[in-house]
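In what follows, a single structure is set out as structure tokens and then discussed.
The values are calculated or read from the model by the stated rules, or taken from the named source; none is laboratory data. All values derive from a computational prediction rather than experimental measurement. Here the Cβ positions follow ideal geometry from the backbone for every residue, glycine too, while neighbour counts run over all protein chains shown. Areas reflect the complete protein model, heavy atoms only, side chains present, ligands, DNA and RNA absent. Shrake-Rupley method; radii C 1.70, N 1.55, O 1.52, S 1.80 Å.
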Amino acid sequence: MLTILLLLFIVAITYYYLKWNYDFWQVRGVPFEKPVLFFGNFKKSITRLRHVSEDFTELYNKYKGTANFIGIFQMREPRIMVIEPKLVNEVLIRKFNHFSANEFSKIFNPKIDPLFTRNPFLASGDSWKEYRSEIATAFSSVRLRTMYPIMESVVDNLHSQVIYHINQPFEARELSLRFTADIVSNCIFNLNSDCLSGCCKVRTMSKKLSSPPKKTVLFMIIAEIFPICRKFLPMKFITDDVEEFFLDFFERSMRLRKRTGIKVDDFLDYVISLREKKKLSHKDVAGHLTTFFSDGLETTSLLIAHTLYELANNEGVQCKLRDEINRYIDTYDEISYDVLNEMAYLELVIAETLRLHPPFTIISKECTSDVRLEVTKGRTVLIEKGTNVYIPLYQIQNDPEYFPKPKEFIPERCSHHYSYDGLYLPFGNGTRQCLGMKFASMACKAAVVQLVKNFKITVNSRTSEELRIDPNEFLNIKKGGLWLNFKPVHMFQI
Ligand code: HEM
């Protein structure tokens, strides 16, 4: 009897605990979406019935025009979702001091995950400033230029691989992932990972880097409901084998650099000198390099895959881009780093791909000090420290009010600077904007130029006609894949 009473008591306490702040936004007079017990407003994505961006789309469409932002619930936690673009730059730029942290920074523990948490994306406060400034210097134009010849050799290998398997369709993301893994290994670590031509351990390990083990996911859900658990049950995000792999990868690249005695002004050289200057530990330096795999691999390969898919789907755009490439080759004989950056139509094609298919569908920021935000005309509400703010970039970039016929691929429209109005955010905006955007764009341009120059690309029938984002993925990864055919261009020339 006592046990039953105790159980009933626990159930009742849990029920009230899960429910007690569901009136949070009502009390503050903020329009909000009624939550469902335990799941909040994300039942369908938490149960994997659809991708989280579809939950956001439903909320965005329902509340657009009613308020600048609305209140939502992530399980039992009250959060806000920005609706009006004018509030986007308010959060990311003008009131940045109040929103300087990323939501993830409170989830990970640098003592337990030293390799993973050197990443500025996961850091906040002074650590974020330090890590960001350490890594930002590495992306100078001089270093990108130094990397370009190495990138060119990987691009040649990409071409050879497509030729080698020309009679079969390629899944664009898989091909791009292998390409990007080789780009990062060669350009950043100075090691060849042979992903394009063979077994790709780097790709397997990088996948593990961005998808935590099941018990960690469970812990993250529990910590979402009972935040106190973060203090008492610290959880490692990356498994020991992944950590060892990347440490070993870094050590091999250091040994090779020492043995050859080569002096190159590249990223590896930069972090080695940084280690000496700041007396950083081995793991600190390896952590910076691992950031390229955790932040850069999936995102960059998605950009390449979606660009190839849109070119395959829009023959006119593909022909126009091929004409531009051929014009530059006729003028300069080869596509150098500078020529690549001069190609205006290529730039627009990539920008339009990022509008239609941003790899991240939302940006989240944490409120770091109390601030008032205007919820409806003339009425402000206090947003308390610790509240998370979601910016639905996918929804804004696909809103017909801002981008007429949003599902159509129209590169020309990207000649306008939408980011000034908070309408274009594939790399974020403001002080925490993506650090790798130039690197990603360079890798994408180099791959696309090589493939479009040599192949006519079409969509293979294995690609689903209605593209949906895979609910099991965090990033914008299409369910079933993007299958493409490549045929040598000379076959079509008479
Ligand atoms: C197409 C490829 C990429 C896309 C779409 C992308 C997108 C983003 C986005 C949306 C953010 C968050 C911005 C914010 O919170 O306001 C971000 C941050 C970041 N990205 Fe990227 N990224 C890409 C490639 C890369 C690459 C290649 C690297 C290389 C290391 C990289 C490193 C970072 C870092 C370090 C941050 C954190 C910046 C900070 O918090 O200070 N990204 N990226």
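Here the chain is treated with +1 on each Lys and Arg Cβ and -1 on each Asp and Glu Cβ, and its dipole about the Cα centre works out to around 1300 debye. Within the straight-line cut-off of under 18 Å between alpha carbons, the lysines reachable from residue 278 are 129, sequence neighbours fewer than 8 places apart in one chain being disregarded.
How large is the convex hull of the Cα atoms of the range 346-494 per residue, expressed in Å³ as a whole number?
Taking the convex hull of the Cα positions in the range 346-494, it is 156 Å³ per residue.
From the alpha carbon centroid of the range 164-235 to that of the range 316-383 is 24 Å. Charges were assigned to the Cβ only: +1 to each Lys and Arg, -1 to each Asp and Glu. The resulting dipole of the range 164-250 about its Cα centre is roughly 400 debye. Based on Cα contacts under 8 Å between residues 6+ apart, the chain shows a relative contact order of 22 percent.
Spatial offset of the range 30-58 relative to the range 66-97 amounts to 16 Å, using the alpha carbon center of each.
For the range 334-384, the Kirkwood estimate of the hydrodynamic radius, built from every pair of different alpha carbons, is 15.2 Å. Remark on the range 144-212: Rg and Dmax equal 12.4, 36 Å (Cα only). Ranked from largest to smallest solvent-accessible area, with a 1.4 Å probe on the protein heavy atoms, 413, 145 come out as 145, 413. Scaled against 2.2 N^0.38 Å for its residue count N, the alpha carbon radius of gyration of the range 29-133 is 1.26. Taken over the range 80-173, the convex hull of the Cα atoms encloses 216 Å³ per residue.
For residue 239, the solvent-accessible surface computed with a 1.4 Å probe is close to 50 Å², ligands and nucleic acids excluded.
The spread of Cα positions in the range 205-364, taken along each principal axis and listed from longest to shortest, comes to 62, 48, 24 Å. Using θ = phi - 60° in the Karplus curve 6.51 cos²θ - 1.76 cosθ + 1.60, the 3J(HN,Hα) couplings for the range 372-383 round to 9, 10, 7, 8, 9, 3, x, 10, 9, 10, 7, 9 Hz; x is entered for Gly and Pro. Do the sum for the chain: with -39,500 (n - 2.57) for every DSSP H run of n ≥ 4, divided by all residues, what is the mean residue ellipticity at 222 nm, to the nearest 500 deg cm²/dmol? That comes out to -15000 deg cm²/dmol. Of the DSSP H helices in the chain, those with a Cα length along their own long axis of 24 Å or more and a mean Kyte-Doolittle hydropathy reaching 0.5 comprise 2-19, 437-454. With one equal scatterer per alpha carbon and no solvent term, the Debye-computed log10 I(q)/I(0) for the range 360-428 at 0.13 1/Å reads -0.51. Here, the range 283-384 is characterised by an Rg to Rh ratio of 1.18, where Rg is the alpha-carbon radius of gyration and Rh the Kirkwood radius.
For the range 280-326, what does the equivalent ellipsoid look like in terms of its semi-axes, each the square root of 5 times an eigenvalue of the Cα gyration tensor, given largest first in whole Å? Could you put the intermediate results ahead of the total?
Numbers: eigenvalues 278, 26, 3 Å².
The answer is 37, 11, 4 Å, longest axis first.
Counting only residues at least eight positions apart within a chain, or on another chain, there are no lysines with an alpha carbon under 17 Å from that of residue 279. In this view, the solvent-accessible surface of residue 416, computed with a 1.4 Å probe and all protein chains in place, comes to about 100 Å².
For the range 153-300, the percent of C-alpha pairs falling in each 10 Å distance bin, counted from 0 to the bin holding the largest distance, reads 10, 33, 30, 19, 7, 1. Of all accessible surface on the range 360-483 at a 1.4 Å probe, what whole percent is carbon and sulfur? Here it works out to 52 percent.
Farthest towards the positive end of the charge dipole of the chain, among the residues 175, 343, 433, is the Cα of 433, using unit charges on the Cβ of Lys, Arg, Asp and Glu. Taking all protein chains together, 311, 8 sort by accessible area into 8, 311, largest first [probe 1.4 Å]. Using only the C-alpha atoms, the convex hull of the range 1-70 corresponds to 88 Å³ per residue.
Placing unit charges on C-beta atoms (Lys and Arg positive, Asp and Glu negative, everything else neutral), compute the dipole magnitude of the range 83-187 about its Cα centre in debye, rounded to 20.
Dipole magnitude for the range 83-187 comes out near 380 debye.
In angstrom, the C-alpha Rg and Dmax of the chain are 23.8, 89.
Dipole of the range 196-248 computed with +1 at Lys/Arg Cβ and -1 at Asp/Glu Cβ about the Cα centre; of 205, 237, 217, farthest Cα towards the positive end is 217.
Rolled with a 1.4 Å probe across the full set of protein chains, the surface gives residue 468 an accessible area near 100 Å². Ordered from largest to smallest accessible area (heavy atoms of protein chains, 1.4 Å probe), the residues 66, 463 come out as 66, 463.
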